[in-house]
Amino acid sequence: MSAALTPGPTPQEPVGQPELLQLGTALEVDEPCLRADAARNRARLLEAAGRLVAERGADGVTMEAVAAEACVGKGTVFRRFGDRTGLLTALLDHSEKKFQAAFLGGPPPLGPGAPPEERLRAFGCAMLRRSTDELELQLAADPGASRRYVTPARRVLRHHIEMLLRQAVPGADCELISHTLMGQLDPALVHHLTRQCGMPLGRLEAAWTDLVDRVTAPGGAR
């Protein structure tokens with residue numbers, strides 16, 4: 001990295017751990033208070049929607065198809081999610097919260113307990129695998145260039161990378177470098193490289209590991 005980068009915060013400055021964020025609409029705010037049967041029905045619908053996205057892509061998922069896949073009435077799906085956008089948002093929210101729980105409190109090296117360099121390697125590889133598995137859904141949920149960098153989920157992901165960078169290379173401009181690293185994990189880029197260029201996922205993971213090693217090497221990001 002260029003030596004001209006402005007140094008970021010020193011390691012003595014507190015870096016707060018982000019809390020799990022929810023992406024969904026008001027229909028989902030009361031999720032912790034759902035009755036047990038309603039919670040089970042919601043999970044069943046999300047599992048059915050996830051299977052359909054994997055089989056048909058996000059554009060091919062309808063409320064009727066989800067109801068049929070989950071063996072429930074169409075009205076049940078509309079009552080729970082409101083419309084198709086609400087369903088896809090809830091599905092992405094469900095996935096996002098599971099991933100956040102894994103890197104914020106799961107076992108190392110993705111979760112706490114491993115050196116920051118190892119956690120960065122594990123984080124990027126997990127992100128790449130997740131994007132590959134959910135590519136259609138993530139592309140469908142892209143808010144567009146004007147809002148891409150301010151969505152709650154992306155802020156949590158970038159903040160996590162920045163936190164690990166501050167631990168690994170405390171003298172660097174970790175805020176700016178974290179944006180650069182996030183670019184390597186962008187679902188649109190993953191789509192281009194894997195679907196349009198035919199690159200295997202293993203090559204993307206190896207490139208991420210190499211990038212992290214170069215950034216965190218002594219003097220690499222200073």
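What follows draws every value from the coordinates through simple rules; no lab data is involved. Here the structure is a predicted model, which means the values were calculated and not measured. Positions of Cβ are backbone-derived with ideal geometry, glycine not excepted, and every protein chain shown enters the neighbour counts.
At a glance:
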{"quantity": "q = 0.14, 0.21, 0.23, 0.27 Å⁻¹: log10 I(q)/I(0) that the Debye formula gives for the range 89-130, counting C-alpha atoms only", "calculated": "-0.31, -0.62, -0.71, -0.88"}
{"quantity": "Inter-probe distance in nm under a simple model that places probes 7 Å from Cα toward Cβ, at Asp210 and Leu104", "calculated": "3.4"}
{"quantity": "The range 168-222 - charge dipole about Cα centre, Lys and Arg +1 at Cβ, Asp and Glu -1, debye rounded to 20", "calculated": "140"}
{"quantity": "Charge-dipole axis of the range 95-192 as Lys and Arg at +1 and Asp and Glu at -1 on Cβ define it, positive-most pick from Ala102, Ala114, Gln167", "calculated": "Ala102"}
{"quantity": "Vicinal HN-Hα couplings computed from phi for the range 158-171 (Karplus, 6.51 cos²θ - 1.76 cosθ + 1.60; Hz; Gly/Pro x)", "calculated": "5, 4, 5, 4, 4, 4, 5, 5, 4, 6, 7, 9, x, x"}
{"quantity": "Under the Debye formula (equal points on every Cα, no solvent term), log10 I(q)/I(0) of the range 134-216 at q = 0.17, 0.20 Å⁻¹", "calculated": "-0.78, -1.02"}
{"quantity": "Column: log10 I(q)/I(0), Debye, Cα scatterers of the range 71-222, q = 0.12, 0.15, 0.16 Å⁻¹", "calculated": "-0.56, -0.83, -0.92"}
{"quantity": "Computed label-point distance, nm, for sites Arg51 and Ala114 using a 7 Å Cα→Cβ extension", "calculated": "3.2"}
{"quantity": "Efficiency of FRET from Cβ geometry, Cys71 and Cys197, R₀ 35 Å, rounded to 0.05", "calculated": "0.30"}
